[in-house]
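So the structure is just underneath, and the comments pick up after that.
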Amino acid sequence: MGRIRHIKPEFFLDEVLANHNAIVRLLFVGLWTLADCEGRMEERPARIKAQLFPYESLDMELSLGALVSTRHILRYEAEGKGYLQVTNFLKHQRLSGKEAAAMSLFPGPADSVKRLGSIGEEPGSGGEAADVQGREGKGRKGRGRNVNRNRFLPSRP
């Protein structure tokens with residue numbers, strides 16, 4: 001199920017992400033729409049390709065591997081299944097409604113049996129888990145969000 005996600009202008013200036021081709025960069029944004037409320041999803045390359053690029057001919061394993069190699073996503077295994085985690089997902093996405101109150105449907109990387117890195121990388125090396133979670137804060141503690149200021153005005157006949 002696709003979800004509403006936000007793209008900050010700084011996304012386009014990410015020099016590490018810019019080293020990937022346009023399809024991989026678009027894949028990264030597409031993964032945000034597939035990810036649950038904590039940035040997690042099952043690692044199912046064929047399904048991801050069908051959902052995000054139904055009309056393209058591309059190697060989804062290779063494209064996902066490119067994002068793993070630059071630590072934009074984390075590949076891990078838990079309960080005998082493969083999962084993906086968009087790193088820093090909660091730092092960059094503002095969830096609302098039911099999704100903001102929801103819990104992840106999938107086990108997290110901290111619960112995983114092992115982390116799977118890119119080719120030639122030791123699983124779990126590089127401290128991927130440290131960057132997985134985190135919220136961006138502006139010190140406002142929710143003030144000014146979702147406030148209907150018109151509700152305080154008297155209605156007009």
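Could you tell me the calculated FRET efficiency between residue 70 and residue 105, based on Cβ-Cβ distance and R0 = 25 angstrom, to the nearest 0.05?
Given R0 = 25 Å and the Cβ-Cβ separation, E is 0.45.
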Mean Cβ count within 10 Å, highest first, over the residues of peptides 47-56, 68-77, 7-16: 68-77, 47-56, 7-16
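Where a number appears in this text, it was derived from the coordinates with a stated rule and is not lab data. Worth saying up front: this structure is predicted, and the values here are computed from it rather than measured. Cβ: placed from backbone, ideal geometry, glycine included. Neighbour counts: every protein chain shown.
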